[in-house]
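Down below is the structure, laid out as structure tokens.
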Amino acid sequence: MQVVYADVLFVINFSMDFLALALCGRLLHLRRRQRSLLLGALLGAGYAVAAAVLPGNGTVSLLLHIAVSLLMCFIAYGSAAGRRRFFFLSALFYAVSFLFGGMLTAFYQALDRFLKDRRVLWDFLTGGEAKITVFFAMALLCAGLIRLSVRLFAVQRATKCVELCIGNNGKSGRFPAMVDSGNHLRDPLTGRACIVVSPRYVRQVLPPDVLRLSESGTLDPTSLSPGSRRRIRLIPAESLGGSQLLIGYTPDEIRLTDKEGSYKADAVLVLSGQEKNFNGFGAIVPAALIS
């Protein structure tokens, strides 16, 4: 008969879920609220204890497990992730959780081999309350290794970023944007700063005729509707290839969110004209809008 320590199981799962949710937010540059992370981890830990104690059908348990995982991600980051990235967040949460589990298993097996001739110490470390301490220490070690890997291999970790929210004609979209002090583009008529954005991030927000004009490489505004024509701006830009004119657009609202809070930005969106990915971000925000 297998004995399950509910308190040990709860603490272990709570720690693992909290660390996994926090790391997912870091990887996706999502704004974190400790209360939401705690609630999501509490839900996961409570479900783990209930699933271990209560009998259940295999298929029903699997579906319930998936539903609980999605709910955990929604509680922790639902509004910040947005619809587009929510399921990617959920998949990443699964991947990080599996990675945690695999790393913990590997550490425990290595520790078991190292202490195979020291059974008294091993029995002490894996019994009762001491087991919580060992698991928690190993979980922190796993989290540290994952964070170190992210620092070494993900350049965007060292890049300051904000969440860019665009509202236009009753539609809205939000995604992470990179802050760049080298972006000095300005609307020559109004002097407003320009946010360079990749078209694929705003396809659900901006009018189709504006997107087609940007992708065509021409500057003929006759194909635009009167409403779009009033919002179009021609933005001169200098690059290594020489001078060029870019298509700018003024949506109903632009909001930026960082650690200091959320605020409106008086800026013009400039479409890059190509499906660019700016170092893993959807747009480049001039530092002048942040300061």
### Nearest-0.05 FRET efficiency for Leu99 and Ala50, computed from C-beta distance (R0 41 Å)
0.95
### Message
Please compute the alpha carbon radius of gyration of the range 161-220, then divide it by the globular-protein estimate 2.2 N^0.38 Å. Two decimals is fine.
### Response
1.23
### Task
Obtain the nm distance between the two label points defined at Leu234 and Leu63 by a simple spin-label model: each point lies 7 Å from its Cα along the Cα-to-C-beta direction.
5.9 nm
### Query
What Kirkwood hydrodynamic radius, in Å, does the range 191-285 give when the mean of 1/r is taken over all pairs of distinct Cα atoms and then inverted?
14.0 Å
### Task
Pull out the extension gain between Asn169 and Asn279, defined as 0.36 nm times the separation in residues minus the alpha carbon to alpha carbon distance; nm, one decimal.
36.7 nm
### Summary
Rounded to one decimal in nm, the spacing of the 7 Å Cα→Cβ label points at Ala91 and Lys259 is 3.1 nm
## Note on the structure
Note: Arg212 to Ile290 extended length (0.36 nm per residue) minus current alpha-carbon separation gives 25.1 nm
### Message
What FRET efficiency comes out for Ser225 versus Arg35 if R0 is 41 angstrom and r is the Cβ-Cβ distance? Round to the nearest 0.05.
### Response
0.35
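Here, each number is a calculation from the coordinates, and none is a lab measurement. Note that the structure is a prediction, hence the values are computed from the model and not measured. Ideal geometry is used to build each Cβ from the backbone, glycine not excepted, and the neighbour counts take in all protein chains shown.
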